[in-house]
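Written below as structure tokens is the structure these notes are about.
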Amino acid sequence: MKGPFPTDKFRKIQTPFYFYNVELLEKTLQSAVAEAAKHNYLIHYAVKANVNPRVLSMVRESGLGADCVSGGEIQAVLNAGFPAEKIVFAGVGKADWEINLGLDNDIFCFNVESIPELEVINELAGRKGKVAPVALRINPEVDAHTHHHITTGIKENKFGINPEQLDKVLDTLERLASVKLIGLHFHIGSQLTDKGPFQTLCGKVDAFQQQLSDRNIRVEHINFGGGWGIDYHRPDEHPVPDFKEYFETFHLHFRARPGQKVHFEPGRSIVGQCGSLISKALYVKEGSYKKFVVLDAGFTELIRPALYDAYHKIENLSSDEPEETYDVVGPVCESSDCFGKQRNLNKTRRGDLIAIRSAGAYGEIMASQYNCRQLPKAYFSDTL
Ligand SMILES: *Cc1c(COP(=O)(O)O)cnc(C)c1O
């Protein structure tokens, strides 16, 4: 089955471009909001997955907050109308200007990853006569069993504070007057399709809470990060991720302390399925033992296959002829510029429209101008 695409309209648009299914994004947002509400959970959309202004405004209208990892993202969500009290700021390398931007706008929380960062935030906040709300990002040492480039919660990763340093960090906090500890933050990785690692995380978070209680520290917020995966292989069978299962996992395995608020930061699961990269076949090239479809889109438009060996479903929207097997590649002068090897596509000819599915997250936003290529434009199902 091929995704529902207005192929006739696509023919009039210069390829490659991103196409967003607005109805699907709306449905996905509604599902996430409804399932989180059952448990009083709060959602901050992980902005780095997609900052397209239209996408941001839909996310904002659905009531979600924003999880930012740079000053640029903070600016982007402020421009999109997100209230500052719904903005969290994470990231292992926050520059002074980025911290100041957060302080000047009184964002909800800084997710802090090290003692030196805590000291810098304390100093910058002190200079402004402010007290910065902070959450400690703890590396819980839970293996997310996902691709090693998107695993973030194990010992060797650069992210977070290691558990054995937690006491030292709490000692440091006691002598810093311009930061206030309001929460604990975790994020173990991305594209998790198994809830097992989240169950393990729940147990670990409880132990960290106990460690805080032993020192008479109470935090108001627990943030479990993002990471819920999407079905890259069957986007039409699973267009909306199972948010019920996701949030229930935490409900069943984590007991919040009285009055505590629980937060999540999904990125991919919100925007992944609503976007596709639409391109054209430029050439069908017969190699000595295989055939190549050369597209007018490359890793400059969608880098995930080259960067993480990521799988994206590829469909020929122009052909119903019997399938043949191709390597689907881009025009960029790098061997890694390949969207899929030995893929079955309906027999493909020059000029056919090719859709690369599930490209709404970490797609458009990661586009580059390498080879002096132009950044791709985006189109929406309701305004085509
Ligand atoms: C990337 C990231 C997320 C979002 O991850 P997804 O897998 O897209 O849900 C959430 N929180 C933090 C801190 C991140 O770095």
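Summary of values
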item: Karplus-derived HN-Hα couplings along the range 16-25 (A = 6.51, B = -1.76, C = 1.60, θ = phi - 60°), whole Hz, x at Gly and Pro; result: x, 8, 8, 10, 10, 8, 5, 5, 5, 4
item: Signed unit charges on C-beta, dipole axis of the chain, positive-most listed residue Pro133, Asn40, Ala355; result: Ala355
item: Charge dipole (the range 22-271, unit charges on Cβ, about Cα centre) - positive-most of Ala177, Asn157, Leu212; result: Ala177
item: Chain lengthening between Lys347 and Asp167 when straightened (0.36 nm per residue, less Cα-Cα); result: 58.6 nm
item: Those residues of the range 1-30 whose amide nitrogen sits under 18 Å from the label point placed on Tyr283, 7 Å along Cα→Cβ; result: 16
item: Leu42 long-range amide H proximity, modeled H, under 5 Å; result: Val262, His263, Phe264
item: Accessible carbon and sulfur surface of the range 281-384 relative to its total accessible area, %, 1.4 Å; result: 48 percent
item: DSSP bridge pairs, the chain: antiparallel proportion in percent, nearest 5; result: 40 percent
item: Added length on full extension, which subtracts the Cα-Cα distance from 0.36 nm per residue, Lys128 to Leu252; result: 40.4 nm
item: Inter-label distance, nm, simple model (7 Å from Cα along the C-beta direction), Gln14/Glu220; result: 5.0 nm
item: Chain lengthening between Asp206 and Gln369 when straightened (0.36 nm per residue, less Cα-Cα); result: 54.1 nm
item: Whole-Hz couplings from phi, Karplus 6.51/-1.76/1.60, listed for the range 59-64; x for Gly and Pro; result: 5, 4, 4, 7, x, 6
item: Dipole magnitude of the range 22-271 about its Cα centre (Cβ charges: Lys, Arg +1; Asp, Glu -1), debye to nearest 20; result: 440 debye
item: Table column - 3J(HN,Hα) (Hz), the range 157-174, Karplus curve with 6.51, -1.76, 1.60, x for Gly and Pro; result: 5, 6, 7, x, 9, 6, x, 5, 8, 4, 4, 5, 5, 5, 4, 4, 4, 4
item: Of all accessible heavy-atom area on the range 22-271, the percent that carbon and sulfur account for (1.4 Å); result: 50 percent
item: Cα point-scatterer Debye curve for the chain, base-10 log of I(q)/I(0) at q = 0.06, 0.14 Å⁻¹; result: -0.25, -1.17
item: Long-range amide H partners of Lys377 with built H, under 5 Å; result: Tyr18
item: Mean separation of Cα contacts under 8 Å, 6 or more apart, over the residue count of the chain: relative contact order %; result: 20 percent
item: Surface per residue (accessible, 1.4 Å probe) for the chain, Å²; result: 43 Å²
item: Amide hydrogen neighbours beyond the local backbone of Tyr283, cut-off 5 Å, H modeled; result: Val294
item: Debye, to nearest 20: dipole size of the range 211-370, +1 on Lys, Arg Cβ, -1 on Asp, Glu Cβ; result: 380 debye
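The values are calculated or read from the model by the stated rules, or taken from the named source; none is laboratory data. The shown structure was predicted, so the numbers you read here are calculated from the model rather than taken from an experiment. In this analysis, Cβ positions are derived from the backbone assuming ideal geometry, glycine residues included, and neighbour counts consider all displayed protein chains. For the accessible areas, the whole protein counts, side chains as well, though only heavy atoms, and no ligand, DNA or RNA atoms are used. Shrake-Rupley method; radii C 1.70, N 1.55, O 1.52, S 1.80 Å.
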